[in-house]
Amino acid sequence: MTCLYASDYGPADPAFDPLAGGGRLLRGFESQRSELARGQNLGQLQAMERQLQRGESVAWCDQGYAWAEGPAVEGFLVGFSLLVVLPYAVKRLAPRLWLRCFELLRRMHESAARSENRTAYPGGL
């Protein structure tokens, strides 16, 4: 049995009535009319119809995906970033940065040494 989460299908629509229009939205599901009448919006109604077409019963669970925005998930993501992603990035990027830094220092040193060897007179004295 699969749970359906009301929050996944949007907020309840107060103007939505699945029985309106002589039950036009419930055609083909007349035997489950009472169960489908509990739909609070079109998305929920369609989800219930899909469950019934598969031969499964309709069961609603409370939480939905709201847990993904909770403090526990945020804490996990922060911890994962600090303990896994950051050390990996430092391990992979730090050697490259050090090499570039040393290469820049070497070039600056060579450039300074060349400028000291030059004189103002091209032919020398």
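Some observations on this one:
- Reported count of residues in segment 30-56, each being outside any helix (DSSP H, G or I) and in contact (Cβ under 8 Å) with a residue 40 or more places away in the chain, is 1.
- When residues in segment 49-106 are screened for being more than 30 Å from Gly39 (Cβ to Cβ) and more than 26 Å from the chain's Cα centre (by Cα), 13 of them pass.
- In segment 53-65, the residues that are closer than 12 Å to Thr2 by Cβ and either at pLDDT 85 or above or surrounded by 17 or more Cβ atoms within 10 Å (Cβ to Cβ) (or both): Arg54, Gly55, Glu56, Ser57, Val58
- Looking only at segment 1-15, and only at residues there that are in a helix (DSSP H, G or I) and hydroxyl-bearing (Ser, Thr, Tyr), the one that is surrounded by the fewest Cβ atoms within 10 Å (Cβ to Cβ): Ser7
- Residue pairs whose Cβ atoms lie under 8 Å apart, separated by 6 or more positions or on different chains, with the first residue in segment 16-29 and part of a helix (DSSP H, G or I) and the second among the acidic types (Asp, Glu), are Gly23/Glu30.
- Pairs are defined by a Cβ separation below 9 Å, a sequence spacing of at least 6 or placement on different chains, a first member in segment 103-125 that is assigned to a loop (DSSP other than H, G, I, E, B), and a second member that is polar (S, T, N, Q) and modelled with pLDDT under 80; the pairs so defined are Leu125/Thr119.
- Selection from segment 16-42 of residues that are surrounded by fewer than 17 Cβ atoms within 10 Å (Cβ to Cβ) and small (Gly, Ala, Ser): Ala20, Gly21, Gly22, Gly23, Gly28, Ser31, Ser34, Ala37
- Taken over segment 66-75, the criterion of being modelled with pLDDT of 85 or more and surrounded by 11 or more Cβ atoms within 10 Å (Cβ to Cβ) is satisfied by Val73, Glu74.
- Out of Arg96, Arg106, Arg92, sole residue that is surrounded by 10 or more Cβ atoms within 10 Å (Cβ to Cβ) and more than 30 Å from Tyr5 (Cβ to Cβ): Arg106
The values are calculated or read from the model by the stated rules, or taken from the named source; none is laboratory data. These figures come from a predicted structure and were not determined experimentally. As a convention, Cβ positions derive from the backbone with ideal geometry for all residues, glycine included, and neighbour counts pool all protein chains shown.
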